[in-house]
Protein chains: 2
Amino acid sequence: MTDKNNNERITLAHGHGGLASHHLIRDIFASAFSSPELDPLDDAANIDLPTGEISFSTDSFVIQPIFFPGGDIGKLAIAGTVNDVAAMGAKPLFISVGFIIEEGFLFSDLEKIVGSMADECRHAGVRIATGDTKVVPKGAVDKIFINTTGIGIRRKGIKLSGALARPGQSVILTGPAGVHGAAIIVARNELNIRGKVYSDCCSLNDLVEQLLDKLGQAITVMRDPTRGGVATALNEISRASKVGIEIVETEIPIGPETMAVSEILGFDPLYLANEGALLIILDDDAVDKALRICHSHPRCMEARKIGEIRDDLGGKVVLKAATGGRRIVDMLAGEMLPRIC
Amino acid sequence: MTDKNNNERITLAHGHGGLASHHLIRDIFASAFSSPELDPLDDAANIDLPTGEISFSTDSFVIQPIFFPGGDIGKLAIAGTVNDVAAMGAKPLFISVGFIIEEGFLFSDLEKIVGSMADECRHAGVRIATGDTKVVPKGAVDKIFINTTGIGIRRKGIKLSGALARPGQSVILTGPAGVHGAAIIVARNELNIRGKVYSDCCSLNDLVEQLLDKLGQAITVMRDPTRGGVATALNEISRASKVGIEIVETEIPIGPETMAVSEILGFDPLYLANEGALLIILDDDAVDKALRICHSHPRCMEARKIGEIRDDLGGKVVLKAATGGRRIVDMLAGEMLPRIC
């Protein structure tokens, strides 16, 4: 059913729970995602976790285009939820997947996306435990949306939260700011810039595990700066922790392609999304060790300390500009980029 | 922001992670769904379960129309996932919610839907632990889709699965077949039939708890016959358990309105969805007790034994017709009703 014809398309019958649904589930999903939890194909999966102390996170992915340099909606859906669970200090173990597919979607594209998801699950060491598929008539959804919901087990003795930043701590960013957003902008607009821009889309639970193993309670906040970018994530943290944050413009890693895209289209790279970087807030004396761990990770070689937590900035996020001045980096007030993740 | 103007609409800015997103989350979601798990509003929620032996289920809801007699997409999204978790013999405790909303959607409609979700959560005794909201440009989704993913803790000594039906056991249906499907058809087509058709949409975890308390291991399968109805759910069970199932037409409760709708439009009510009924497969000597428990539940007063598990039907689901003949009730082969849940 799946490899006879490259033009075969999803029909409404694939979403009706009948024979076609069963073939879709068997041929595409069950074979790619096979696991002891998924294989019984009951309406819910039974999972045996070593503890009931878990982290739980959900995300819907509506990105456009669904294939982009550095990934696709499937890889993003796994990495995004893995990173949200990991950033709470938990070890992600199981993921549920909900597909909403437009009638007429190509089987071959679905197979590619499902293949990316399976690859990223293997990479991150997580398993898909349960799923759901809906097919809606043409025009009721744009191509394909994916929800992933993740469960991880929490580490004993570790408590991370956006509300736990303390004055005197440092802020690390593990990779160049805004590179996922820049890649999507280039892909959408077919911009002709020097050098290709690849999304940083990847799971970072292995990095989180190393950091917490080595540095434990010195780290109090981890967050992946997705929608709204570094600026928005730092604003969330400053509000939740009731602290000021100063970041230093010359210390923030930003790739030349991201700069070029931002200048051409008038975006501020601090508001562009990452999908494979973390903001880490930690005690100042742990910074060197944390940076060494980051630099030994293939996706975090450009990690840098970009600022610090302060008690004197009126609870604002402030950028110390390259020119020496200071400006407030506020929450994004208006629109920016829809469907970035 | 939410009650000044009945015509206020969701904009793309509500989905961008900036200021408008934070207002939406604070004013609509955090106030309706407030819980110790949700309130920190981190990217993942920390949950303390009494055991790591859980059931985990996901469902995306794309129903059209979003408001229908007997419920709306919000009530359905909670009840549907509660029932999927409960039908595995687990006690549902926590739910994640992912909204995908079309630009221009009315705030007042979102508030109604969120209110229904909060009500159904209270009714079912579950809490919303974490969530996500995406807003997509007009035309990229039809109004609103909701994903809910649920976690429940399993009961010791209970193992339910579609693969555990045994010859000699009986089949109970706890309410009139196909009534959710019939209600949606009437709502869509504005059919003028005698008597209003209300969806049976409701959480049945309280019923499941009573049944398992009283009957324990006598029950081996529970399933809510949603998409594809009773016929599809029984076919799934017969395949997974490698057994035949005989159902008796005159014993299957079907409301007169459902019959009327089916006759007018040429549907078979056995393939129409329920959203507040269960198929229960249990030892024959437990049937009377199970029916007494069902009949004392306000939503299951028409529960009936509708058939039995057999080893002589070649693994098929067979209907003993009112006229005395027998016919095979197969999986649905073609299309039926898109966007029924």
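The values are calculated or read from the model by the stated rules, or taken from the named source; none is laboratory data. Being a predicted model, the structure only gives us computed values, none of them experimental. Glycine also receives a Cβ, built like all others from the backbone with ideal geometry; neighbour counts cover every protein chain displayed.
Filtered by the rule that a residue be out of contact with any strand residue (DSSP E or B) (no Cβ under 6 Å at 6 or more places or on another chain) and either at the interface with another protein chain (Cβ under 8 Å from one of its Cβ atoms) or polar (S, T, N, Q) (or both), the stretch B:50-81 gives B:50, B:52, B:64.
Strands (runs of 3 or more DSSP E) wholly in the stretch B:27-111 with at least 2 residues that are modelled with pLDDT of 95 or more and over 27 Å from residue B:163 (Cβ atoms) - which ones? Steps first, answer last, please.
Values: elements: B:45-48, B:53-61, B:90-102.
By residue number, B:45-48, B:90-102.
Among the residues in the stretch B:179-188, are any within 24 Å of residue B:273 (Cα to Cα), surrounded by fewer than 23 Cβ atoms within 10 Å (Cβ to Cβ) and touching a Ser or Thr at 6+ places or on another chain (Cβ under 8 Å)? Within the stretch B:179-188 (the criterion being within 24 Å of residue B:273 (Cα to Cα), surrounded by fewer than 23 Cβ atoms within 10 Å (Cβ to Cβ) and touching a Ser or Thr at 6+ places or on another chain (Cβ under 8 Å)), the answer is no, since none of the residues qualifies. Exactly one of these conditions fails for residue A:247: (1) under 16 Å from residue A:181 (Cα atoms); (2) assigned to a strand (DSSP E or B); (3) of a type outside the set (Ser, Thr, Tyr). Give me its number. Of the numbered conditions (1) under 16 Å from residue A:181 (Cα atoms); (2) assigned to a strand (DSSP E or B); (3) of a type outside the set (Ser, Thr, Tyr), the odd one out for residue A:247 is (1).
Considering only residues of the stretch A:118-151 that are within 30 Å of residue A:238 (Cβ to Cβ) and in contact with a Phe, Trp or Tyr (Cβ under 8 Å, 6 or more places away or on another chain), which is surrounded by the fewest Cβ atoms within 10 Å (Cβ to Cβ)?
Filtering the stretch A:118-151 down to residues within 30 Å of residue A:238 (Cβ to Cβ) leaves A:124, A:147-151.
So of that shortlist, the ones also in contact with a Phe, Trp or Tyr (Cβ under 8 Å, 6 or more places away or on another chain) come out as A:147-151.
Details: A:147: 32, A:148: 31, A:149: 33, A:150: 31, A:151: 28.
Here the answer is A:151.
Pairs are defined by a Cβ separation below 6 Å, a sequence spacing of at least 6 or placement on different chains, a first member in the stretch A:46-65 that is more than 19 Å from residue B:159 (Cα to Cα), and a second member that is at pLDDT below 95 and not in a loop (DSSP other than H, G, I, E, B); the pairs so defined are A:65/A:187.
Is it true that residue B:24 is more than 10 Å from chain A (Cβ to nearest Cβ) and under 17 Å from residue B:149 (Cα atoms)? Spelling it out, it is not the case that residue B:24 is more than 10 Å from chain A (Cβ to nearest Cβ) and under 17 Å from residue B:149 (Cα atoms). Selection of first residues in the stretch A:325-341 that are more than 8 Å from chain B (Cβ to nearest Cβ) and of second residues that are exposed (fewer than 13 other Cβ atoms within 10 Å of the Cβ) and at pLDDT 95 or above, restricted to Cβ pairs under 7 Å at least 6 apart or on distinct chains, gives the following pairs, ordered by first then second residue: A:327/A:321.
Every listed requirement among (1) in contact with a helix residue (DSSP H, G or I) (Cβ under 7 Å, 6 or more places away or on another chain); (2) surrounded by 16 or more Cβ atoms within 10 Å (Cβ to Cβ); (3) more than 30 Å from residue B:26 (Cβ to Cβ); (4) away from every other protein chain (no Cβ under 12 Å) is met by residue B:214 save one, (2).
Among the residues of the stretch B:306-323, is any outside any loop (DSSP other than H, G, I, E, B) and free of Cβ contacts under 8 Å to residues at least 40 places away in the same chain? Walk me through it before giving the result.
Taking the stretch B:306-323 and keeping what is outside any loop (DSSP other than H, G, I, E, B), we get B:306-310, B:317-320.
Now restrict to residues that are free of Cβ contacts under 8 Å to residues at least 40 places away in the same chain: none.
No, there is no match, as no residue in the stretch B:306-323 is outside any loop (DSSP other than H, G, I, E, B) and free of Cβ contacts under 8 Å to residues at least 40 places away in the same chain.
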